[in-house]
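Have a look at the structure below before the remarks.
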Amino acid sequence: MNIKKEKNLRRAFFFIALSTLSVLAIITLFIFFEGIPLINKVGVFKFLFGMKWAPSQGLYGIFPMIIGTLSVTLGAALIGVPVALCVSIFLTEFAPKQIRMFMRSTIQLLAGIPSVVYGFWGLTFIVPFIRDYLGGPGLSILAGSLILAIMILPTIISISEVSLLALPGLYKQGSLALGATHWQTIWRVLIPAAKSGIMAAIILGIGRAIGETMAVIMVLGNAVALPNSILDPARTLTTNIGIEMGYASGDHQQALFATGIVLLVMIMILNSAAQYIVRKK
């Protein structure tokens, strides 16, 4: 009887897992079904590398938005990754117990804040600061990068901390016994040993930054043009979909679904890279 119940439970869990994969497959097929006709109509090269987005004129070039997405994401990574790595090292190696517990709770709270709150805060404080002290309209790649850097901190910090805590204690003990300092042990032993988990954390954080919409809409300026500096406004793939999907129809709507295909492929590549790094190590 117990064996029969165990088989039934196994089947039940299998169907639950299969239903999750089915939802992902349905979403993916729907996006491809809606977007592929427009890509075939316009042409892959013109769609990906076209410089002008003007749906009313039948022009659907998303290259400026690809550059905007990559620029904001790269800026967020350059700002957020060093900070997150330093925080995770502090939590695992230096922080007293009470401070460690308080900071972990704060980081978890940071992860739960709605993105629109981040956007409102950026629009109120970061954008005016950039406009007054650095120049430009304030709504810029720099503002978007700063907001996204804050938003990806919880993901990178949490996974990096777990990766460092999962290392065998003998690594640290052996390094210290050989005469290395605490910092040398962290830099030369612990971080290299945990680099697969840290890299996975960074890639997942970048994936979060690429997929963010609401906060970026509020601080980026949403100009469909190639930016010349980090103080220029730009538009990302996600903000383009978020802004125009409400009133798009026909080819215009299909072009937004095609934009979603590009975005989906980018995120799938990042997630696959993270899984590959983890499995390789």
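The values are calculated or read from the model by the stated rules, or taken from the named source; none is laboratory data. Since we're looking at a predicted model, the values are computed, not measured. Note that each Cβ is placed from the backbone with ideal geometry, even for glycine, and that neighbours are counted across all protein chains shown.
Worth pointing out:
- Subset of the range 123-155 that is touching an Asp or Glu at 6+ places or on another chain (Cβ under 7 Å) and not small (Gly, Ala, Ser) - its residue that is surrounded by the most Cβ atoms within 10 Å (Cβ to Cβ): 148
- Flag for residue 131 being charged (D, E, K, R), more than 16 Å from the chain's Cα centre (by Cα), in a helix (DSSP H, G or I) and over 24 Å from residue 198 (Cβ atoms): yes
- Selected residue (only one of 13, 30 is over 28 Å from residue 144 (Cα atoms), surrounded by 11 or more Cβ atoms within 10 Å (Cβ to Cβ) and free of Cβ contacts under 8 Å to residues at least 12 places away in the same chain): 30
- Unmet criterion (only one of (1) under 25 Å from the mean Cα position of the chain (by Cα); (2) without any contact (Cβ under 8 Å) to a residue 60 or more places away in the chain; (3) assigned to a helix (DSSP H, G or I)) for residue 138: (3)
- Residues being among the small types (Gly, Ala, Ser), in contact (Cβ under 8 Å) with a residue 12 or more places away in the chain and surrounded by fewer than 21 Cβ atoms within 10 Å (Cβ to Cβ) - total across the range 235-261: 2
- Any hit, the range 214-234, residues being charged (D, E, K, R), assigned to a loop (DSSP other than H, G, I, E, B) and either free of Cβ contacts under 8 Å to residues at least 60 places away in the same chain or over 23 Å from residue 273 (Cα atoms) (or both): yes
- Top-ranked residue in the range 122-136 [being at pLDDT 90 or above and not aliphatic (A, V, I, L, M); ranked as nearest to residue 215 (Cα to Cα)]: 122
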